[in-house]
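Inspection log for the structure reproduced underneath, given as structure tokens.
The values are calculated or read from the model by the stated rules, or taken from the named source; none is laboratory data. Bear in mind that the values here come from a model prediction, so they are computed numbers and not experimental data. Reconstructed Cβ throughout: ideal geometry from the backbone, glycine too, with neighbour counts over all protein chains shown. What goes into the accessible areas is simple: the full protein's heavy atoms, side chains included, and nothing from ligands, DNA or RNA. Shrake-Rupley method; radii C 1.70, N 1.55, O 1.52, S 1.80 Å.
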There are 4 protein chains.
Amino acid sequence: MPDSLAQARLDLAIANRIVSVEGIIDAFGHVSMRHPKRPDRYLISRSRSPELVEPADILEYTLDSEPARPLPKGVRGYGELVIHGEIYKARPEINAIAHHHGMAFLPFCNTGEELKPLYHMGAQIGEKVPFWDSRDEFGDTCLLVLKPEEGRSLARALGPHWLVLMRRHGATVAGRNLTELVFRTIYSYRNAELQLMTMAQGWQPSPLTPGEAKLAWDRNLEPRPQARAWEYWCTRLKKAGEYPSARGARGGGARRRK
Amino acid sequence: MPDSLAQARLDLAIANRIVSVEGIIDAFGHVSMRHPKRPDRYLISRSRSPELVEPADILEYTLDSEPARPLPKGVRGYGELVIHGEIYKARPEINAIAHHHGMAFLPFCNTGEELKPLYHMGAQIGEKVPFWDSRDEFGDTCLLVLKPEEGRSLARALGPHWLVLMRRHGATVAGRNLTELVFRTIYSYRNAELQLMTMAQGWQPSPLTPGEAKLAWDRNLEPRPQARAWEYWCTRLKKAGEYPSARGARGGGARRRK
Amino acid sequence: MPDSLAQARLDLAIANRIVSVEGIIDAFGHVSMRHPKRPDRYLISRSRSPELVEPADILEYTLDSEPARPLPKGVRGYGELVIHGEIYKARPEINAIAHHHGMAFLPFCNTGEELKPLYHMGAQIGEKVPFWDSRDEFGDTCLLVLKPEEGRSLARALGPHWLVLMRRHGATVAGRNLTELVFRTIYSYRNAELQLMTMAQGWQPSPLTPGEAKLAWDRNLEPRPQARAWEYWCTRLKKAGEYPSARGARGGGARRRK
Amino acid sequence: MPDSLAQARLDLAIANRIVSVEGIIDAFGHVSMRHPKRPDRYLISRSRSPELVEPADILEYTLDSEPARPLPKGVRGYGELVIHGEIYKARPEINAIAHHHGMAFLPFCNTGEELKPLYHMGAQIGEKVPFWDSRDEFGDTCLLVLKPEEGRSLARALGPHWLVLMRRHGATVAGRNLTELVFRTIYSYRNAELQLMTMAQGWQPSPLTPGEAKLAWDRNLEPRPQARAWEYWCTRLKKAGEYPSARGARGGGARRRK
């Protein structure tokens, strides 16, 4: 019988590294998934850059973003865990979340300009991309989402959507599974790049119709394109020498060693 | 006697990888060639990202985009085969086709702004670059070219030209042979980059005259520059560790193993 | 007992290489730190590109930018040492300095357009980024900061701030320690990229409030994010084969060999 | 006694590769140097991409761009040799020349917008950058400089300067020696990038004064910065696995083997 939790840890490490190697996450940002057997828990690395995450770095949290068991000595969790916990609470169909400060999103995050789907892959941004400004409810903060009420506010802003822009900060992306999440993170980013490239010309972008967007969204999420893209990104990880080893996936828990 | 089909499979895998490593094709897109001995057939990889294609992945199709023989178990073809089949049917002098969503083309694909040859290498876009909008004939679709009638419509839009923009989707490029195709795919892309860079300044681009464009087109397609560029791209593939092995080129057919 | 000077030389070589590999410094530019035991001295490489610096290249200077001991035969120091010496003199709390000509800063350096913090990481530019024009006091020069009075003028322009733009030349960045310096150098650069990307759209950037900027500045400089980023950059150096060897760190002094 | 010609072949292969690896020359373009002992001859690779040039590829030509000795069987020279021959004839102090189609130059080449020195390194463009349009004297051509009279016309346009833009084609750069040429090729390119980045904002660039430009030009060409940059680029070549082997440098002449 396969150890689904070990596989989940390995997959989550891979997902962390893909979004880093493909240029969207740098030192900061994080990627989580819901626990494969316990929907009231989620998995996420200890506090370290996603490009560096190993299966053994993965920790388990309750949806209140409390560690499911005491953290090993010297291990620290991420500061913004409530982004993940509060969205998993609010949206049972979401099973994977990424938070990032990718450069091509930031001009939209700074100004509130609306993201629009400009090619078929861009349909992955979803019907609408809401815009959350922490100032509205919380006034001056360090802009990070640190308190449960901040996480809940962000989850409310996300509403029924799959991507939310966070003013002067970054973006949070959601998926029904890890592959879909990585797919959405990457292609929503390419769409943002495209919108910047188009508007920098002074050209008026011409978005997909709602009908096109719905059909393209469905098509992109079929098993064949999802599998094809996942194979592509994993192969690129391997060629870059960035594929995580399965070592430590089974033992779990942030490199605890006896 | 050399096995021309084995060589064709190897060359096609190389072409797939060049356009990927040079930054034009990502997880999606595809590159085909007409069968070297049977002009009523074409060769194209099974459904996988062009950067990953091996000679053994190459399948054979009729011009109606039906597999020339039953696909091995578990092997899937690309969804948009009719792009290739319908253009090969309509244009006997075309022997190689690439379909891509390269970022520098997409602002033109989104808005319909006209591509113009802005330097001698850009003459490879041809006299005119037609613009095809799937909405005109087919209304809301997922934007992919999946049905034979969609492929035929695109082939009609291409007309006597060598490059066609596909609204909110990407581009399809054609060549008389694989080297010419790769050359046109890469230098039409550089020309698109140049046009964006120029127009982002608010500067008025100054295209080649038709006479210059014709003379530069001819010059670029002479054997010496074609061979020089092919050697360059192949060497870069090798240095990147991306050159495909000839293994499987002879046996053919998507990694069938006995 | 650890040799703090050997460690300092190794850390300084690492810092030199990080800002190079992350794309901010090319052949020119330099990074220094105050001597860990003698605040009236500073450490900086002999004249060579930061990407190439080894611990054994590190030299020791007085705050008047005189070599603390005679330079080994054939070894030359950087031309612009007074940037470092005069700022260390004027600002006792500054213990690390980088001078660079990173491309994303240069449009601001050329025109005097004001840098603004546009996301939480950009708070690292500080409250204000002063702008120094060598022409004001010194008329036509080669634009380098070569004379003590030029260094003093620049230090006065920096005032109580942490980053100063130098007209038609580049930028000088300061930190309380080497990690903070690298952090500020990189994230002030990303913020400059973001401001260019935003303004190239014709969009009005929306900076952090002073309250947000202060809170984000403090948060970024806490030990956890500082350590996380340093681990990330060091790992990337190692993967790129760019991590310096500790060889020569102890012996000190620009590859002197007995 | 060192074999100065063998050294020249090696240095020329290195220069070819530096300008390629630093992103300025792709499949096309070429770099030459005057023969170190016979000023009426020049050295340049057989027709192949500069990134691939080996010392054994270097051929010798008269200033009329005739091979100094019959080319080995199967070896072809570049098509645009007269660019090099005619400039060496017209300007005895020029000892190295590069011709390229670097992307950041092309918007200037297309439109005739004037390049201006915007930072101290940009002073290497020289006092003025003339603009040559082949149409003025020769009407519609393939835009390449193939005939002696075209080469002479370009040399006249260059006049006493060090860089000339060629309309809808590219640029030709000159230096008193190979290091200076590589330095000018790279930093004139960075300056072009800077001017595009600045003007894309709608900002008015503020060039160096003539006095500043002269002083910065002189300073950049001093032995220390020249040696520092050369060491940097050579080290990067080595790390990229692109440094040419000296093999064949002595034998000379495009891989002739007995």
* Search result, residues across the range D:1-51 that are under 22 Å from B:W230 (Cα atoms) and of a type in the set (K, R) -> D:R17, D:R46, D:R48
* Single condition D:L106 does not satisfy, out of (1) of a type in the set (A, V, I, L, M, F, W, C); (2) open to solvent by 20 Å² or more (accessible area, probe 1.4 Å); (3) within 25 Å of B:A213 (Cα to Cα); (4) within 14 Å of chain B (Cβ to nearest Cβ) -> (2)
* Structure fact -> Of the residues in the range B:72-91, those that are out of contact with any helix residue (DSSP H, G or I) (no Cβ under 8 Å at 6 or more places or on another chain) and more than 19 Å from B:L12 (Cα to Cα) come to B:P72, B:K73, B:G74
* Asked: On the given criteria, is C:A68 touching a strand residue (DSSP E or B) at 6+ places or on another chain (Cβ under 8 Å), aliphatic (A, V, I, L, M) and surrounded by fewer than 24 Cβ atoms within 10 Å (Cβ to Cβ)?
  -> yes
* Filter the range A:120-146 down to residues that are among the small types (G, A, S), at the interface with another protein chain (Cβ under 10 Å from one of its Cβ atoms) and open to solvent by less than 20 Å² (accessible area, probe 1.4 Å) and give me whichever is farthest from C:Y119 (Cα to Cα). => A:A123
* **Subset of the range C:201-230 (residues that are more than 7 Å from chain A (Cβ to nearest Cβ) and among the basic types (K, R))** => C:K214
* To do: Within the range C:185-205, identify whether any single residue is of a type in the set (F, W, Y), in a helix (DSSP H, G or I) and open to solvent by less than 10 Å² (accessible area, probe 1.4 Å), and answer yes or no.
  => yes
* To do: Those residues that are in contact with an Asp or Glu (Cβ under 8 Å, 6 or more places away or on another chain), away from chain D (no Cβ under 11 Å) and hydroxyl-bearing (S, T, Y), I need them from the range C:14-44; list them, please.
  => C:Y42
* To do: Check whether at least one residue in the range A:176-184 is open to solvent by less than 20 Å² (accessible area, probe 1.4 Å), within 19 Å of A:L12 (Cα to Cα), acidic (D, E) and within 13 Å of chain C (Cβ to nearest Cβ), and report yes or no.
  => no
* To do: Could you tell me whether the range B:75-98 includes any residue that is β-branched (V, I, T) and open to solvent by 30 Å² or more (accessible area, probe 1.4 Å)?
  => no
* the range A:1-31 - residue that is over 18 Å from A:T172 (Cα atoms), of a type outside the set (D, E) and in a loop (DSSP other than H, G, I, E, B) and, of those, least open to solvent (accessible area, probe 1.4 Å) -> A:P2
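Yes/no per residue for (1) open to solvent by less than 10 Å² (accessible area, probe 1.4 Å); (2) basic (K, R):
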| residue | (1), (2) |
| --- | --- |
| A:E114 | no, no |
| A:L118 | yes, no |
| A:P148 | no, no |
| A:R152 | no, yes |
| A:L158 | yes, no |
| A:V164 | yes, no |
| A:H169 | yes, no |
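Table: residues versus (1) under 17 Å from the mean Cα position of the chain (by Cα); (2) more than 30 Å from A:G241 (Cβ to Cβ).
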| position | (1), (2) |
| --- | --- |
| A:L43 | yes, no |
| A:G74 | no, no |
| A:I87 | yes, yes |
| A:E93 | yes, yes |
| A:D140 | no, yes |
* What tally of residues in the range A:1-25 results from selecting those that are of a type outside the set (K, R) and under 13 Å from the mean Cα position of the chain (by Cα)? -> 10
* **Considering residues of the range D:148-171 that are within 14 Å of another protein chain (Cβ to nearest Cβ) and in contact (Cβ under 8 Å) with a residue 60 or more places away in the chain only, the residue farthest from D:P92 (Cα to Cα)** => D:H169
* Structure fact -> By residue number, the members of the range A:19-35 that are farther than 14 Å from A:H99 by Cβ and out of contact with any strand residue (DSSP E or B) (no Cβ under 9 Å at 6 or more places or on another chain) are A:V21, A:E22, A:G23
